[in-house]
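*Asks:* Sharing a structure, written as structure tokens. Questions coming.
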Amino acid sequence: MYFLRTALIFGLLFVFAEAGQLVHAETLQDLTQALSVKNYTKKAAVVEKLAATGEVQANTILSALMDGALFTRKSDGKIVLGTKIKKNYLLVDPVDGTELGEVQKSALKKVRINNKVRIAIRAGIGRLELTSADPEKRISAAAAIFKSEAPAMLPVLRALVKSEKNADVKPALIRSVAALELLYGDNHDVQMFAVADLKAAGGPEVKALLNKVLINLQLNEPAQNSELAAAIRSAIAAIETQLETYGLIENLFQGVSLASVLLLAAIGLAVTFGVMGVINMAHGEMVMIGAYTTYIIQETCRIYAPGFLDFSLIVAIPLAFVVAGTFGILLERSVIRFLYGRPLETLLATWGISLILQQLVRTIFGPTNKEVSTPEWLSGAWEITAGLSFTYNRIAIILFALVVLFFLMMVLKKTLFGLQMRAVTQNRMMAGSMGIRSARVDAMTFGLGSGVAGMAGVALSQIDNVSPNLGQAYIIDSFMVVVFGGVGNLWGTLVGAGSLGIANKFLEPYSGAVLAKIFVLVAIILFIQKRPRGLFALKGRSVEG
Amino acid sequence: MSTSYVTEKGPFVSLLTGLPGGGKAFMGILLAAAVFIVVGNQIIPEDNFFHVPTYMVSLLGKYLCYALLALSVDLIWGFCGILSLGHGAFFALGGYVMGMYLMRQIGDRGVYGNPELPDFMVFLNWQELPWYWFGFESFAFTGLMIMLVPGLLAFIFGWFAFRSRVTGVYFSIITQAMTYALLLAFFRNDMGFGGNNGLTDFKEIIGFDLRSDGTRLGLFVGSVIALAVGYLVSSFITQSKFGRILIAIRDAESRTRFTGYRVEYYKLTVFVISAVLAGIAGSLYVPQVGIINPSEFSPANSIEVVIWVAIGGRGTLWGAVLGAILVNWGKSYFTGALPEAWLYMLGGLFVFSTLALPKGIVGTFPIFYDTIRRKLGRRADDLSNVKEGDA
């Protein structure tokens, strides 16, 4: 019984499905065949009808027509979809997808299109996508219609606005409707409403559209539409103010983003400099080592665990810390500890080490840039409104920098090691006489600072080229941050990185990137004159070392 | 040497022992070598083993310019404890001043044939010479500017830095920032110094063709004289009372200040003199290599100069000269023979010289000498003299 019933239901379903497909297939088939018409105006009309069917296949057909992959078979005049395979074409029925064999090029005639048809196709594809199940596609389709300014879409759009439930898609649809109503509407009130809608939507594209309409109005009938023109003018002004605000926010974001990069690069330096009074010129190379660790992990993942590739970045963070930290401790044990009390010599020795490390990486990995791909979950941007969007990887780096800062603060404030480190920073001799093994603290501090630099390398691999010179690009800026912020205080580093990053990005629009950088450098050189020990100077006996 | 007492030392013993007379002996050898090179280039026929080809003369001339630059760094670092990581900036500025003169000498022989404007300005569609290019057609004016431009920058920079007591690594870092800022600035086309291509295609200097052998030899001799004069000036400064105070500042800045000396003025004076020497070195360097571009400002170059001094021996003057010549000879040789290895070696030199040779080659001699003498059972009665040599 059970089996029978199931079979019956399935059978019925099958029949219905088949029947439904047949009905559409016929009309689609006819319409597709109608594309062979010579007259372009008629062809455009056929395209519109095809789009009106709302079928999935219609989308394929239209795309193929756009790409020139639709042909007329000379033998029977049937419209087919051709894919080039070597010298021949593999033919497929565009509607039901059955294979029709291979033919030579001479047996086919391309279905030609002109601009008019192309516009119709674009609008048609847009219309088909408007009803797509994917909200992203619906938004981009609405945006495409906004750009194409195709009046034919207006009734469809109006219907869709009413039925649309997704809160992200609806504004996009309203914007497109308003644009079309303003452009082609003849009713004054409708146009006024449209302007209000557009004003609410905002964005640079709307501004361009309004400007265009305004010019047309003034050319054609200045007297009649003065009210509309005034409304448009006020809308443009409002959008301009809004865009300026966005520009400011954008700048601020760029500045904060640069600041977070600087913070990451400089924070490890601040730790080592603060504790040991040593500028580690090889610090940039620790960043580079972190970036290369990320690269190696990514490549290992690609070979052994391709499914895991998207998360290789997460694994890279602790590993980069360990690898760079180990390098740091080795460096301290093998070179730096012999140079205590001679900061200038330490500077030179670490510079030498940075040259060696760079050349080492160049020998192993080659001088060219290595690509560290952005994982799926970090690509794309967070679009807040039209004309204002923040990329995810930048946001992630800002958050990461703050997390690292927090983590470092916790280590400094809440652990025994941190306590010892602070003691050595403030007074090495006294700390030593209290039983703190300052040599060991030095080594661990160097490891910590280098490890943090390694983590910075993971972040930088997302926004910069992974090359042997990666560290060099950041080292001077990091020095500036540390010198500006003052040593022995991580808040100083935060404020230093923040002000440098934001100052740089705010100067850039006025003076260009290079001059902005020069201004900032000169400003710091002057600032050092006023406060030779930085913004947050350490006070006390250890200062005059 | 084991048979002579240190007290009876002649200049050549001093050379081996690093005593104060050693510098004179070394400079004497250098001058003799220079005379030999001139003779070897001009008089000895080409097929002779001792003939010195002209390209070698230019190469050696380049080393001498580097040596003068190293000397200027030693003057402030070795004797006053000021580690400048931006001395390449003064060198490059001197070079640019000379480059401007040489550009103006091209006249209408440039690619565009404009009698007034250098090629890159014509290329940028500039109509007239910027005001800061005026006067550089005169060699005397250029000569003045070679000293004035680096000197003035050093004066302004040093005035601010020393007055507010920026010392140690902080000073090193901001000098590095200074040369980095200049590097970025000179990369800009709008600056009017040829952007990243810099100044090149020089034709002649005071009427002499730059490509002729005679001019190249002349420039070499000029470099020798400049180095000799630079050495004499530096050794005079360091041996004078002024120099003694510099050493006091190096060893204990606060104490010197409390003794009543205006530390910042001493520092400023020696910094400016050093910058002028560096500028002169740069101005002799440019006609010999035929180009000056912003990469001369790169911080890495300036740090490399410091290592020449460290290798040779800081605070000895002639050690700096020796170090510059040795390291650059090594660089020329190894970048040709083993290009991959050079950066390892340079990096290794930085580490080695700071760890194993803190006094440099020259500074290590007296220690050797003393050890040998002790081993041979000679009296070490004049250790005090030897100590003085280290200073």
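Here, each number is a calculation from the coordinates, and none is a lab measurement. Quick caveat, the model's predicted, so the values are computed rather than measured. We place every Cβ from the backbone using ideal geometry, glycine too, and count neighbours over all the protein chains shown.
*Asks:* Could I have the simple spin-label model distance between A:Lys530 and A:Arg233, label points 7 Å from Cα toward Cβ, reported in nm to one decimal?
*Replies:* 4.5
*Asks:* What pairs in A:Lys86/A:Lys109; A:Lys86/A:Lys110; A:Lys49/A:Lys116; A:Lys137/A:Lys165; A:Lys370/B:Lys331; B:Lys24/B:Lys62 have C-alpha atoms more than 20 Å from each other?
*Replies:* Over 20 Å Cα-Cα: A:Lys370/B:Lys331; B:Lys24/B:Lys62.
*Asks:* Here is a follow-up. Around A:Ser461, with a cut-off of 13 angstrom between Cβ atoms, what is the net charge of the other residues, counting Lys and Arg +1 and Asp and Glu -1?
*Replies:* -2
*Asks:* How would you rank A:Lys49, B:Lys375, going from fewest to most other Cβ atoms within 10 Å of each one's own Cβ?
*Replies:* With the sparsest Cβ surroundings first, the list reads B:Lys375, A:Lys49.
*Asks:* Another question, if that's okay. Distance from the Cα centre of region B:158-184 to that of region A:151-203, in angstrom?
*Replies:* Using only Cα atoms, the two centres lie 61 Å from each other.
*Asks:* Take every Cα pair under 8 Å in region B:131-261 that's 6+ residues apart, average their separations, divide by the length, and report that relative contact order as a whole percent.
*Replies:* So the answer I get is 7 percent.
*Asks:* Further question: First measure r as the distance between the Cβ atoms of A:Leu330 and A:Arg302, then evaluate 1/(1 + (r/R0)^6) with R0 = 25 Å and state the FRET efficiency to the nearest 0.05.
*Replies:* With a Förster radius of 25 Å, E is 0.30.
*Asks:* Against the longest alpha carbon principal axis of chain A, how many degrees, from 0 to 90 and to the nearest 10, is the axis of helix A:135-148 turned?
*Replies:* That works out to roughly 70 degrees.
*Asks:* Top mean-square fluctuation among B:Ser58, B:Ser172, B:Ser240, Gaussian network model of chain B, C-alpha springs under 10 Å?
*Replies:* B:Ser240
*Asks:* Could you list the square roots of 5 times each eigenvalue of the Cα gyration tensor of the protein assembly as shown, that is, the equivalent ellipsoid semi-axes, sorted largest first and rounded to whole Å?
*Replies:* The equivalent ellipsoid of the protein assembly as shown has semi-axes of 70, 35, 30 Å.
*Asks:* Separate question: Starting with the fewest neighbours, write out B:Trp133, B:Trp329 ranked by other beta-carbon atoms found within 10 Å of each beta-carbon.
*Replies:* With the sparsest Cβ surroundings first, the list reads B:Trp329, B:Trp133.
*Asks:* For helix A:226-276, report the angle its Cα long axis makes with the longest principal axis of the Cα atoms of chain A; keep it between 0 and 90° and round to the nearest 10°.
*Replies:* Between helix and principal axis, roughly 30 degrees.
*Asks:* Helix A:438-460 versus the longest principal axis of chain A: what angle, 0 to 90°, nearest 10, using Cα atoms?
*Replies:* Between the helix axis and the principal axis of chain A, the angle is about 20 degrees.
*Asks:* Also, I was wondering about something else. Relative contact order of region B:57-358, please, whole-number percent, based on alpha carbon pairs below 8 angstrom and at least 6 residues apart.
*Replies:* Relative contact order here is 39 percent.
*Asks:* With N set to the number of residues, divide the alpha-carbon radius of gyration of chain A by 2.2 N^0.38 Å and report two decimals.
*Replies:* Compared with the compact-globule rule of thumb, chain A sits at 1.36.
*Asks:* Report, in whole Å, the centroid distance computed from the Cα atoms of region A:302-322 and region B:15-90.
*Replies:* First find each Cα centre; the distance between them is then 54 Å.
*Asks:* I've got another one for you. Once you average over the residues of B:306-316, how many Cβ atoms of partner chains fall within 10 Å of each Cβ?
*Replies:* Mean number of neighbouring Cβ atoms from other chains: 1.
*Asks:* Which helices pass in chain B if a helix is a full DSSP H run, must span at least 18 angstrom along its long axis by Cα, and must have mean Kyte-Doolittle hydropathy not below -1.0?
*Replies:* Length and hydropathy pass: B:22-42, B:54-80, B:87-106, B:139-163, B:168-187, B:213-239, B:263-289, B:299-312, B:318-337, B:339-355, B:360-375.
*Asks:* So, one more: Would you calculate, for chain B, the mean residue ellipticity at 222 nm contributed by helices, counting each DSSP H stretch of 4 or more residues as -39,500 (n - 2.57) and dividing by all residues, to the nearest 500?
*Replies:* Here the helix-only value at 222 nm equals -23000 deg cm²/dmol.
*Asks:* Follow-up. For chain A, what is the mean residue ellipticity at 222 nm derived from helices alone (per DSSP H run of n ≥ 4: -39500 (n - 2.57); sum divided by total residues; nearest 500 deg cm²/dmol)?
*Replies:* Here the helix-only value at 222 nm equals -24000 deg cm²/dmol.
*Asks:* Could you name the lysines whose alpha carbon sits less than 16 Å from that of A:Lys212, not counting residues in the same chain fewer than 8 places away?
*Replies:* Reachable lysines: A:Lys147, A:Lys199.
*Asks:* Please list the non-local residues whose amide H lies under 5 Å from the amide H of B:Ile205, H modeled 1.01 Å from N, same-chain partners needing a gap of 5 or more.
*Replies:* B:Leu210
*Asks:* Amide H neighbours of A:Thr391 under 5 Å, at least 5 residues apart or on other chains, H built in the peptide plane: list them.
*Replies:* It is A:Trp382, by chain and number.
*Asks:* So what's the convex hull volume per residue for the Cα atoms of chain B, in Å³?
*Replies:* Convex hull volume per residue, Cα atoms: 163 Å³.
*Asks:* Do you know the relative contact order of region A:131-224, to the nearest whole percent, from alpha carbon pairs under 8 angstrom that are 6+ apart?
*Replies:* Answer for region A:131-224 is 23 percent.
*Asks:* How far is the Cα center of region A:439-473 from the Cα center of region A:88-138, in Å?
*Replies:* 52
*Asks:* Only counting other Cβ atoms within 10 Å, I'd like A:Cys301, B:Cys80 sorted with the fewest neighbours first.
*Replies:* If I rank by nearby Cβ atoms, fewest first, I get A:Cys301, B:Cys80.
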